[in-house]
Every structure is written in structure tokens, then in C-alpha cells.
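S.K.: One structure follows; several queries about it will come next.
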Amino acid sequence: MKQFVLRLFLFVFLFISACGGPPAATQVKTTAAPTTSLVEDPCSPQNLPFTVQPINDLMREFEDASQLASNVPAQQLPQLIADLQRIRRVAEDVQIPDCLTTLKTHQLSHMNLMIQTLLTFVGGATQEELTSGLEMAREEHDLYSLEIIRLLGVTLAPITATPPSSQETQAVSTTP
């Protein structure tokens, strides 16, 4: 947590100091070699949480709007689809470093599949078409989630196929 606060402070400090310099026409140009800092490499492990943030914020906004769309009457869907399309257009316009290309690809694919499935629903699609569209969108969302986990270096605990026995559960609950 301390590292996060320190990095956030450093980022805000650098941002503010960059905004307070003399006008571009009066700045003195130097011939010194550029220095490397955390701000210059958006794909460094230290900066990736900040670099991913705008993309993930849009994904969360899209998920919220998608959830709403799944719980409204069909006559309200066109307005919600328009909102989903707006979010997708913003996501398309976000400039990203090369290290986030796969993440953005899965994000946009998920968004496009969800929007297309909702449009198909409004057009009177069969249950099979809807199920297929939703399944493909879910798969893209899962790939997006796996990519963001990989980028951020999150380690997931393995999932076991069988639940622990009652003896194991008792041993865990009685352990001091």
C-alpha cells in the first residue's frame, strides 16, 4: 500500500511539475541523452497498474451497462445498446502502448459480441443464436480477464476439482 501511495504521489508530482514549465517556445533545448524514469515506460511492472486503469475503467462501465441491459424490458434496449456503443467507441479511441494490444483486442471483441447479441435479440433472434452470442462474448471476457491478470502479475490459486473432505475442513477450522 505504501508503494502504491508513493507511486501515486510521484505520478501526481511529475504531472504537476510538467504543467508548470515555461511555454514551449521559450524552453531551452538540451543535447543531453534522455533519462529513463517510471513515467517514460508505461509497460514497466511499476506503471502497468496505472497504464491499464483507463482500459479497465471502460470495461467496468461496459459491464455495468450490459448488466442493466439484461434486466430491462426489450423496448428499453435500443437506448442501452446506444450507450454500450458509445462506451465501445471511447474504448476504440484509447491510445495504448504495445504491451496492451492483446488486452484491448479482447476488450473490443467482447464489447462487439455483446452489442451484436443484443441487436440480434431486438431483431427477434432464436434462443440458439442468443446463447451462442453470449457464450462467445463470455469467452472473450474471460480472455480479457486472464490477460489483465498476466499483465499485472497476479498469481491465482489453483482450483481443485474436489472439495475438501469434512476431516480437512475440521482440521483447518480447529487449527489455532
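The values are calculated or read from the model by the stated rules, or taken from the named source; none is laboratory data. Since the model is a prediction, treat every value here as computed from it, not as a measurement. Note that each Cβ is placed from the backbone with ideal geometry, even for glycine, and that neighbours are counted across all protein chains shown.
S.K.: Going through segment 117-147 one residue at a time, which ones are under 19 Å from Ala82 (Cα atoms) and surrounded by fewer than 14 Cβ atoms within 10 Å (Cβ to Cβ)?
M.R.: Listed by number, the residues that qualify are Val122, Gly123, Gly124.
S.K.: Across segment 39-48, what is the number of residues that are surrounded by 16 or more Cβ atoms within 10 Å (Cβ to Cβ) and out of contact with any Ser or Thr (no Cβ under 8 Å at 6 or more places or on another chain)? Reasoning before the result, please.
M.R.: Taking segment 39-48 and keeping what is surrounded by 16 or more Cβ atoms within 10 Å (Cβ to Cβ), we get 42, 47-48.
From what's left, out of contact with any Ser or Thr (no Cβ under 8 Å at 6 or more places or on another chain): 47-48.
Total meeting the criteria: 2.
S.K.: Something else: Which number in (1) part of a helix (DSSP H, G or I); (2) in contact (Cβ under 8 Å) with a residue 12 or more places away in the chain; (3) under 30 Å from Leu48 (Cα atoms) marks the one condition that Thr101 misses?
M.R.: (2)
S.K.: What do you reckon, is Ala69 surrounded by 15 or more Cβ atoms within 10 Å (Cβ to Cβ) and either at pLDDT 95 or above or of a type in the set (Gly, Ala, Ser) (or both)? Show your work before the answer.
M.R.: Working: surrounded by 15 or more Cβ atoms within 10 Å (Cβ to Cβ): yes; either at pLDDT 95 or above or of a type in the set (Gly, Ala, Ser) (or both): yes.
For Ala69, the condition - surrounded by 15 or more Cβ atoms within 10 Å (Cβ to Cβ) and either at pLDDT 95 or above or of a type in the set (Gly, Ala, Ser) (or both) - is met.
So that you can scan it fast, the table gives a plain yes or no per residue for (1) farther than 30 Å from Ala74 by Cα; (2) at pLDDT 95 or above; (3) not charged (D, E, K, R):
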| residue | (1), (2), (3) |
| --- | --- |
| Leu103 | yes, yes, yes |
| His110 | no, yes, yes |
| Gly123 | no, no, yes |
| Gln127 | no, no, yes |
| Thr131 | no, no, yes |
| Glu139 | no, yes, no |
| Pro163 | yes, no, yes |
| Gln167 | yes, no, yes |
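S.K.: If you don't mind, there's one more thing I want to ask. Being assigned to a loop (DSSP other than H, G, I, E, B), touching a helix residue (DSSP H, G or I) at 6+ places or on another chain (Cβ under 9 Å) and without any contact (Cβ under 8 Å) to a residue 60 or more places away in the chain is the filter here; which residues of segment 41-69 pass it?
M.R.: Here is the first cut: in segment 41-69, the ones assigned to a loop (DSSP other than H, G, I, E, B) are 41-47.
Next cut, touching a helix residue (DSSP H, G or I) at 6+ places or on another chain (Cβ under 9 Å) only: 42-47.
Residues satisfying the conditions are Pro42, Cys43, Ser44, Gln46, Asn47.
S.K.: Continuing with the same structure: Looking only at segment 113-163, how many residues end up being closer than 28 Å to Pro49 by Cβ and part of a loop (DSSP other than H, G, I, E, B)?
M.R.: Selection size over segment 113-163: 7.
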